[in-house]
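Below you'll find the structure, written out as C-alpha cells, and then a few comments.
The values are calculated or read from the model by the stated rules, or taken from the named source; none is laboratory data. Here the structure is a predicted model, which is why all the values come from computation and not from measurement. With ideal geometry, Cβ positions are generated from the backbone for all residues, glycine too; neighbour counts draw on all protein chains shown.
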Ligand SMILES: C[S@@+](CC[C@H](N)C(=O)[O-])C[C@H]1O[C@@H](n2cnc3c(N)ncnc32)[C@H](O)[C@@H]1O
C-alpha cells in the first residue's frame, strides 16, 4: 500500500463520521505530493496517519486546517521525524471496556485480567468504571462514565470481580509521567474532548492503584506473565486494537500461544489483523473491530468502544 492509499483509507474507513478534522486532513495528505515524499522516507510502520497527526499535536502544530498543517510539517520536519522515530501509536482508550464488559461479566468470577498490548493499562479496570448502555446505568456515581450503545445483546447486570490485573506491552506507558500522559493526550482525535476528560479521570484511577505492567513481547513473554496469575481466578487474556501493529507470522504465533493457556481469551481486533470466516457486514461506519471470545466472533465493535452490535 502506498502512503497515499494509507491516508485515503484512514480518511474513509476510520476517521469518516468520527473525526471530521482528521478525515479532511488525511484526505488532503493523500493528495499532497510534498508531504507524501516526506512520509515515504519513513519506514512503513512509521507512516500511519495517527502517528504523524499525534506528533504534530504533541509539538503544538495545527491539525484542523490542511494548508496550515502542510506549512507546519514542511517547516518542522526534522523535529517531527525525531518524535515519529521515538514514539509509536499507543492510544489507550478506557471506553473499550464498555464492549468487553458483557463478556467479562458473564465469565465465572473472580477474574485475573491479563491485557496484551496494554499501553498504560487503562483497560485493566473494567470493574472501576461506570457504564451507560443507552439508558441503563451500571457502577456508582463519581466514576469515569463510559457510554455505549449495545445492539442484539442485553447490557450486563453486574460488574466483574477482578482480583489480579497485569499488562504486557513492548513499551508500557506510565500515567504518572507527564511526557507519557502528554503523548496519550496527543493521540486523542481533535474533536474528542470527552475522551480527553476520560483519559485524565482514568489515569487518576490507575495512578491510585497501579497494575503490574511488564515490558515484553506478546508472543515471547505471555506465558511467563500468565503463570503469575492466581490459579483460583479465571484467567482472561484480552487485547484491543493491538494486532494491526504485529506482523502476520507473529500474529499466528500469538494465537497459538494464547490458545495454549488456561482460562478465556477475548479479542477486539480489526478483521484485517485477525480474520474469521463468514463475518456479517458491519452495521455502519466506524465498526472496525470484531469482538471474539475464545476464537469465536460475536459482535462488531466501534473502535473507541462507543457501540457494539451482536451478530444475529
Ligand atoms: C493502539 S495501542 C492499544 C492499547 C490498548 N489495548 C487500548 O485498546 O486502549 C497498541 C499497544 O500494543 C502494543 N504492542 C504492539 N506490538 C506489541 C507486541 N509485539 N507485544 C506487546 N505489545 C505490543 C503497543 O506498544 C501499544 O501500546
Go through (1) surrounded by fewer than 17 Cβ atoms within 10 Å (Cβ to Cβ); (2) in contact with a strand residue (DSSP E or B) (Cβ under 9 Å, 6 or more places away or on another chain) one by one and return the number of the condition residue 223 breaks.
(2)
Checking residue 144 against (1) closer than 30 Å to residue 227 by Cβ; (2) away from the ligand (no atom under 12 Å from the Cβ), which single condition isn't satisfied?
(1)
Here are 293, 298, 274: which of them is more than 15 Å from the ligand (Cβ to nearest atom), in contact with a helix residue (DSSP H, G or I) (Cβ under 7 Å, 6 or more places away or on another chain) and not assigned by TED's automatic domain parsing to the domain that holds residue 47?
293
Go through the residues of the range 190-212 one by one and say whether even a single one is within 16 Å of the ligand (Cβ to nearest atom), modelled with pLDDT of 95 or more and assigned to a strand (DSSP E or B).
yes
Output the qualifying pairs, or none if there are none: Cβ atoms under 8 angstrom, residues six or more apart or on different chains, first residue in the range 236-248 and in the same structural domain as residue 270 (by TED's automatic domain parsing), second residue part of a helix (DSSP H, G or I) and within 6 Å of the ligand (Cβ to nearest atom).
238/123; 240/96; 240/123; 241/96
Are there any pairs with C-beta distances below 6 angstrom linking a residue in the range 81-99 that is over 16 Å from residue 188 (Cβ atoms) to a residue that is surrounded by fewer than 18 Cβ atoms within 10 Å (Cβ to Cβ), with the two at least 6 apart or on different chains, and if so which?
84/46
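Every residue, every condition in (1) more than 23 Å from residue 230 (Cβ to Cβ); (2) surrounded by 16 or more Cβ atoms within 10 Å (Cβ to Cβ); (3) within 16 Å of the ligand (Cβ to nearest atom); (4) in the same structural domain as residue 206 (by TED's automatic domain parsing), yes or no:
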{"residue": "137", "(1), (2), (3), (4)": "yes, no, no, yes"}
{"residue": "149", "(1), (2), (3), (4)": "yes, no, no, yes"}
{"residue": "157", "(1), (2), (3), (4)": "yes, no, no, yes"}
{"residue": "164", "(1), (2), (3), (4)": "no, yes, no, yes"}
{"residue": "172", "(1), (2), (3), (4)": "no, yes, yes, yes"}
